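> Here you go, one structure.
Please treat every number below as a calculation from the coordinates, not as lab data. Note that this is a predicted model, so its numbers are computed, not measured. Cβ: placed from backbone, ideal geometry, glycine included. Neighbour counts: every protein chain shown.
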């Protein structure tokens, strides 16, 4: 009997030491810093989104003003002529050397200018000397176009008065010689008059010199108003 009582008490003590209930198994959340891989939150930590810093980039160019009176050294890239061109015909040229402001090139060699014929006169037979005039009105460089105000250019044909006088003199002299052979002094006088008239007729029937300018001809002009252009900062 005593032995049975001892066994019963031992079994009761063992059950109270080893047994647990559902309330005993309730988990207590661990602090976030103590969570292991098994207790980690299913929501991934939010990444800090740093706002990108945009570089403040200024204009890639600056504006430079070329003053009025600046010479533009030009060579024609088209042809004009007093006997073939008409008013409003296009004329083109390009810079033969750069334009420099404050030690820096603001217009490069090869910059293109365009304009039109503004006046033309052919030599005619009694009008006198031939003439052609033109003016540049625009400039293009680095894919930019600018309006330009420039001096008009005009070219006048060389005078032929000396040649005309020589022609008349030769005609009179030849007529006098022929008249002298045929009729003495009277014949020489008449022959000279006839010969001179013939020489004058040749001059009146012959056109004077024309003005013809081809690619490469000098077409240097000057600005008559300031010209503002964009120049790369690089």
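> Order these by the 10 Å Cβ neighbour count, fewest first: 101, 132, 66.
101, 66, 132
> Would you calculate the separation in nanometres between label points at residue 79 and residue 231, each defined as 7 Å from the Cα along the Cα-to-beta-carbon direction?
3.8 nm
> In nm, give the distance between the simple-model label positions of residue 147 and residue 65, each being 7 Å from the Cα along the Cα-to-Cβ direction.
Those two pseudo-labels are separated by 1.7 nm.
> Expected output is a single nm value to one decimal: the length gained when fully extending between residue 109 and residue 217, i.e. 0.36 nm times separation in residues minus the C-alpha distance. What is it?
37.3 nm
> Taking the beta-carbon count within 10 Å as an exposure proxy, list 91, 86 from fewest neighbours to most.
Placing the least packed residue first, the sequence is 86, 91.
> Sticking with this one: Return 112, 104, 135 ranked ascending by Cβ neighbour count within 10 Å, so the fewest neighbours appear first.
The order, fewest Cβ neighbours first, is 104, 112, 135.
> Quick one: length gained pulling residue 118 to residue 101 fully straight, 0.36 nm per residue minus the C-alpha distance?
3.1 nm
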